[in-house]
Each structure stands twice: as structure tokens, then as C-alpha cells.
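Worksheet for the structure shown next.
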Amino acid sequence: MLVQLTDLRPSPMLATVDFDRDGIQHGFLRMPYSRDDSAWGSVVIPISVVKNGDGPTALLTGGNHGDEYEGPLALFDLAATVAAEDVSGRLIIIPAMNQPAFAAGTRTSPIDRGNLNRSFPGRPDGTVTEKIADYFQRILLPMADVVLDFHSGGKTLDFLPFCAAHILPGVEAATRTQEARAFELVEAFGAPWSVRMLEIDAIGMYDTAAEEMGKVFVTTELGGGGTATARTVRIAREGLRNVLTACGILPGEVPKAKTRWLDMPDADCFVFAEDGGLVEFKADLGDRVTKGEAIARLWPTGRTGVAPTVLPAQRSGILTARHVPGIVKPGDCVAVVGVEVGGAEDMEGPGPRELEGIVP
Ligand code: CA
């Protein structure tokens, strides 16, 4: 997509931090948001910038979806504890990217229902969510060498804790290097699981915006259910430090990874519900499932004496994600099956990075 940047007006977002100044600054990204309860009000997004001399820039984000908590917890912690003298380069830390959604504890923004991760490249004269996307697209992403965007399952999904990167389209040497570097950082993150991730809906994603700009982009899914556990927060915090160490921004050695790799080769990894019902899982996260066997059963709830619908695994593998609330609606993603592989290098060659026609 060709965006004529020169045709766009400046972002209405103002930063209270100076991205070029050495030292630690804690400030805000502030954007006017006039509304009933605050005529000259603002959307205010906390940001920390930590810079020390020359070196790479890591753009570190959480709260892209407002009901996912491992990333914000790891990033608020990093901003509060990191010492500028330990940094070589620059950290840009934004724990709550879509701050209105984060404040409301919802995936999308309560202001405009905007899903920030489907709003890129955004617009400077668009909705509040589109204005946030535009600021990342035109101001923040161009400053970054490496982007780590934390996700979890939110209120409606739960994941095995993993770090992930995407297969990138294109055979150019620069793209192959970009992709290889991303998988190196996934390995360095050292989550219990690492995934070569397939997106079911890549259009408008922050991931795609960063990757199309040539940035090394790494993401996570660290749990879900609208909360965070002690274990998943620890994984986020350690993984964050490991990635920054692997980039040479923080000192030290990256611990030897004990991660297990999963591939998501095609659309058969995803199990969608065609009917609504009360879900009964036949496997838990991390369990092995066999093609053709029931992953879950859906009980009709409108009457008694009716048999449940069986949802079989479309392929054998590891149950990697599952739906969270007990009631499933038609079209919901009920389960994701990952295929265990030896490492990123063992996986099948470049495939389609978007799945078409599988979302009901
Ligand atoms: Ca998410």
C-alpha cells in the first residue's frame, strides 16, 4: 500500500519526552480528545525513553489490546527499574499502547471500538484509535531497529506461553536477514514455547506495519483469560531482558534457551465453531491432540436431551490456544493446534502468511 506521507497532516499527538536526549525520561504521549466530560481533554499514553549513547533502538509495547496484562506488567517494571548507564542505545517503553482500551480493560477502545492492531497505518485525522496507529506508523516505528510487542489472549482466549515471529514474504537478502534476526530474538526470549506464527487476519496489524518497514518484529502470546499469572509475568519479564541483552542494549549473556518450537503451517491449525454452545474441552493447553479426535464438544444450551457437536482436530499437534469463556458463539475460534518441530530452521519453507477464507 502506497501512502503519500506528504499528503498527510501532522499527527495531533504531542510527546512530553525528547527522543534524542540521553538519560531516563518518564512522560506522556498526549492527544486532544474533546468529549462530554472534558471539553479540552486528552488521551494520555505513558511513555519512558531511556537513552545512553549510540546503539540500536528497541520499541517495547504492551496494551495494544487493552485486556492483556503480561506485557504492561513487564514494561511498567522495566521503566521503573532500568538504569540508563546499563543501556547501550535507546529504549522506548510504552506499556499501554491503546491507553483508552487498557484503562477500560477491553480489547478495543471504548471511545470508537477501534482495534488498534487492525487500524494500521492509521490516519492523523481519523478516529482516536487511528490517530494512535498513525503516530506509531509515522513517528515511533521509523525510530526503531527492533520492535517487541507483547500480547496475550485477553478475555476470550488463553495461550501456551510463547514468543513468536512471522514468516516474511519475499526472497530478497534483506528480508531473509530480517526474518532470521526475528527468529534469533524469539529463541533468545526463551519462553517455554516459541512459534513460527501464522496470522488469520494480518491486514492493518502493527506487526505488518513494522515488518513492511524492515523492522525486526517479535511478539508474544503469554497466557490470557483477562488476567496474568505469576508464571506468565515472570516469563514476560525474563524474556524482555533476554531480548534486550541479545540486541546488545542491555549487558550480560543470554541464558541458554530451553524453548520448544511450534509451527503453524496452515489453516488446519485453527478450529472454528459453526454453532454456538457450552464448550467442553477434551484437551488442555500443552496436551497432544490427534487429527480426527475431539478437541472439544459443544453442548446445545436451549434444550436437554440433545447430543453435543464434536469439534475434531484438523491436524495432530499440541493444543496451543483455546477459547476462554464457557459459552462459544458461531464463528468463534475454539482452539489452535501447533505442530512441534526441532527449531525454526526445521520448519517448512516460506508459506502464505495470511490465511484467506477461513474466518467464517
Ligand atoms: Ca492480542
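The values are calculated or read from the model by the stated rules, or taken from the named source; none is laboratory data. Since the model is a prediction, treat every value here as computed from it, not as a measurement. Positions of Cβ are backbone-derived with ideal geometry, glycine not excepted, and every protein chain shown enters the neighbour counts. All accessible areas refer to the heavy atoms of the entire protein, side chains included, with ligands and DNA or RNA removed. Shrake-Rupley method; radii C 1.70, N 1.55, O 1.52, S 1.80 Å.
Brief remarks follow.
- Filter result (charged (D, E, K, R), within 19 Å of GLY153 (Cα to Cα) and not in a loop (DSSP other than H, G, I, E, B)) within the range 61-90: GLU70
- Residue pairs whose Cβ atoms lie under 6 Å apart, separated by 6 or more positions or on different chains, with the first residue in the range 59-76 and more than 20 Å from TYR135 (Cα to Cα) and the second assigned to a helix (DSSP H, G or I) and more than 10 Å from the ligand (Cβ to nearest atom), are ASP67/LYS155; GLU70/THR232; GLU70/VAL233; GLU70/ALA236; LEU73/VAL233; ALA74/ALA236; ALA74/ARG237; ALA74/LEU240.
- Considering the range 132-188, and only residues there that are buried (at least 23 other Cβ atoms within 10 Å of the Cβ) and polar (S, T, N, Q), the residue that is nearest to the ligand (Cβ to nearest atom) turns out to be SER152.
- The listed residue being open to solvent by 10 Å² or more (accessible area, probe 1.4 Å), among the charged types (D, E, K, R) and at pLDDT 95 or above, out of ASP22, ASP7: ASP22
- Taking the range 184-194 as the range and being of a type in the set (A, V, I, L, M, F, W, C) and out of contact with any Gly (no Cβ under 6 Å at 6 or more places or on another chain) as the test, the residues that pass are LEU185, VAL186, ALA188, TRP193.
- Residue in the range 99-148 that is nearest to SER38 (Cα to Cα), counting only those that are of a type in the set (A, V, I, L, M, F, W, C) and outside any helix (DSSP H, G or I): ILE111
- Comparison of ALA321, ALA296 shows that the only residue that is outside any loop (DSSP other than H, G, I, E, B), open to solvent by less than 10 Å² (accessible area, probe 1.4 Å) and farther than 30 Å from GLU184 by Cβ is ALA296.
- From the options ASP284, ASP268, ASP275, residue that is open to solvent by 30 Å² or more (accessible area, probe 1.4 Å) and either more than 23 Å from the chain's Cα centre (by Cα) or within 16 Å of the ligand (Cβ to nearest atom) (or both): ASP275
- Per the conditions (1) away from the ligand (no atom under 14 Å from the Cβ); (2) surrounded by 24 or more Cβ atoms within 10 Å (Cβ to Cβ); (3) part of a helix (DSSP H, G or I), the sole criterion not satisfied by VAL233 is (2).
- Residues being of a type in the set (D, E, K, R), assigned by TED's automatic domain parsing to the domain that holds MET197 and assigned to a helix (DSSP H, G or I) are entirely absent from the range 161-172.
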